[in-house]
Amino acid sequence: MRLARNDTGGSGPAIVLVHGGGSGRGTWDAFTGELAGWRVVAPDLRGHGESPRCAEYTLECHADDVAGLLDELDLDAPVLVGHSLGAFAASLVAQRHPDRVARLVLEDPPAPPRDGVRAGGFSRARLAVSALAGGLSRRSFDRNALMSAIHQLREPNPSWWAGLEKIQAPSLVLSGGPKSHIPPARLASVAAAIPAAELVTIPVGHRIHSTALPEFTTAVKAFLS
């Protein structure tokens, strides 16, 4: 899987920006402008933008694709920043390859239930997708990729929760607060499960980096410095 990407090149430290479901690498354009001195890599996930469409869209495949991108570009230990589905993929990379991630930023990650009951919040997210169909239809993505992610993230995933303790990178978990369909209490549990993590709430909803770019930039830069 060769992901389409933007890559500013250069010799500075590398930061990889991974978008959410139904989005694309262009969502990071404004934030990239705030990252002077960094080599910024922003891929399209499989099924999105200019990356290939596939028969299968598992969460594990997205993580494998991101790890493969690090290998392809010979990025030893970049900063990983992920939003929503991209945050989940980034968290899996940090769990499976803890020595490959220098720092980890998870923007409103869609943490699945630990066990037992399916998550109702992602059902509301699916309804939100329908309500925003006009806006999403202007983006280039395979709808199956988005629906598949929503379905999988609603299912209990105790192994993902157990894997959070394997993350070695200092981590920042950003919550969109009560306006987001991701429960803030669940994200507090995510931050508590990662050995070296802090939780910051920016109460603007799920898309923090696009809704509140100045606040998002300030939080991420403070964490990286």
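The values are calculated or read from the model by the stated rules, or taken from the named source; none is laboratory data. Everything numeric here is computed off the predicted structure, so don't read it as measured data. As a convention, Cβ positions derive from the backbone with ideal geometry for all residues, glycine included, and neighbour counts pool all protein chains shown. For the accessible areas, the whole protein counts, side chains as well, though only heavy atoms, and no ligand, DNA or RNA atoms are used. Shrake-Rupley method; radii C 1.70, N 1.55, O 1.52, S 1.80 Å.
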Heavy atoms of GLU165 accessible to a 1.4 Å probe, total area in Å² rounded to 10 = 130
Got a number for the accessible area of HIS206? Probe 1.4 Å, square angstrom, nearest 10.
-> 40
For ASP74 and ASN6, what does the FRET efficiency come to when R0 = 22 Å and r is the distance between their Cβ atoms, rounded to the nearest 0.05?
-> 0.80
Which peptide among 36-46, 5-15 comes first, and what is the full order, when sorted by highest mean count of other Cβ atoms within 10 Å?
-> 36-46, 5-15
Per DSSP H run of n ≥ 4, the term is -39500 (n - 2.57); total these for the chain, divide by its residue number, and report the mean residue ellipticity at 222 nm rounded to 500 deg cm²/dmol.
-> -11000 deg cm²/dmol
Mean accessible surface per residue for the chain, computed with a 1.4 Å probe while every protein chain stays in place, in Å² = 42
To the nearest 10 square angstrom, how much accessible area does ASP71 have with a 1.4 angstrom probe?
-> 100
Could you grab the relative contact order for the chain? Cα pairs under 8 Å, six or more apart, rounded to a whole percent.
-> 20
With N residues in the range 1-109, Rg(alpha-carbon) / (2.2 N^0.38 Å) equals 0.95
